[in-house]
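Bear in mind that the values in this text are calculations on the coordinates, not laboratory data. Since the structure is predicted, the reported quantities are computational estimates derived from the model, not experimental observations. Note that each Cβ is placed from the backbone with ideal geometry, even for glycine, and that neighbours are counted across all protein chains shown.
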Amino acid sequence: MDIPIKLDTSFLLALPISAYFFAINSQPYGFAGIEPTAVRYALSTLSAIFLFVSVLLHELAHSYLAKRYGANIDSITLLLFGGVASMEIPKKPEQEAKIAFAGPLMSLIIGFICLFTYNYVISSNSAFAQNSIYLIIWVLGSMNLLLGIFNLLPAFPMDGGRILRSFLARKMSYVKATHSAASIGKFIAILMAIFGIYAGDLWFLLIALYIYGSASNEDRFYSESGRSV
Ligand SMILES: [Zn+2]
């Protein structure tokens, strides 16, 4: 596949932020408590790099299927919050649903393979279990499962939002389906924001704002361009 892969400038922040996230969170989401500090940061940096390779594989899964359905793919861009594959939207809703599902499926498969390997190969072998480098497999497995599940949320810009829209688009026009899917996305964003405020979790609040903004953009884009595929 000859798809240009671009790095957004926000991606420059993404690596150190992810590495820091891995250094301060405990297992299975990070390496807090691993000593010495240099080893903790080395493991965190490696995990951040592998995480973005995972995000790239997620986007390639979308792109691969889209290409098989004959859609043109402009590029894959890696950003602060993950990746985006810019492509034509296929005219058939079932195809859009399958393309949207391919990414989370890839993340779930990587997640299960990593966790399976860690549980059945690494932790049962004492020679491996003592070396903290193998913890990367566990952390990566958990992150990929999270990535897969989170992307299945029925809210734009998550893939689940696109799957939802393609289901709605079988019964109504594309513009109406986008509007309904965007409204559901906004509703979920509001629930997440309330939870974020209640739990005092700034990340949840930021993600909620991001989802709300993306749902509004998606809705505006399709109603202004007047698409009625
Ligand atoms: Zn995706």
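Taking 0.36 nm per residue of separation and subtracting the Cα-Cα distance, what length does fully extending residue 119 through residue 133 add? Display every interim value, and only then the final one.
Working: separation 14, 0.36 × 14 = 5.04 nm, distance 1.46 nm.
The span from residue 119 to residue 133 would gain 3.6 nm if fully extended.
If each DSSP helix of 4+ residues adds -39,500 (n - 2.57) and the sum is divided by the residues in the chain, what number results at 222 nm, nearest 500 deg cm²/dmol? Before the final figure, lay out each step's value.
Working: 8 runs with 152 residues, N = 229.
Result for the chain, helices only: -22500 deg cm²/dmol.
Work out the FRET efficiency for residue 146 and residue 173 from their Cβ-Cβ distance, taking R0 = 45 Å, and round it to the nearest 0.05. It would help to have the intermediate numbers written out before the result.
Numbers: r = 34 Å, r/R0 = 0.76.
Efficiency, from the Cβ-Cβ distance: 0.85.
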Below 8 Å between Cα atoms, with a sequence gap of 6+, how large is the relative contact order for the chain in percent?
16 percent
Rounded, prolate or oblate, given the Cα gyration tensor of the range 142-229, with a/c below 1.5 counting as rounded?
prolate
The chain: angle of helix 135-151 to the longest principal axis, Cα-based, in degrees nearest 10:
20 degrees
Subset of 98/186; 67/171; 91/176 violating a 19 Å alpha-carbon distance limit:
98/186; 67/171
Taking r as the C-beta separation of residue 190 and residue 35 and R0 as 35 Å, the FRET efficiency to the nearest 0.05 is 0.25
Gaussian network model of the chain, springs between alpha carbon atoms under 10 Å - residue of 215, 23, 199 with greatest fluctuation:
199
For the chain, how big is the tail of P(r) above 31 Å, as a whole percent of Cα pairs?
27 percent
So how far apart, in nm, are the two label points at residue 5 and residue 17 if each is 7 Å from Cα heading toward Cβ?
2.1 nm
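Per 0.36 nm of contour for each residue apart, how much would the distance between residue 69 and residue 24 grow if the chain were fully extended, relative to their Cα-Cα spacing?
11.9 nm
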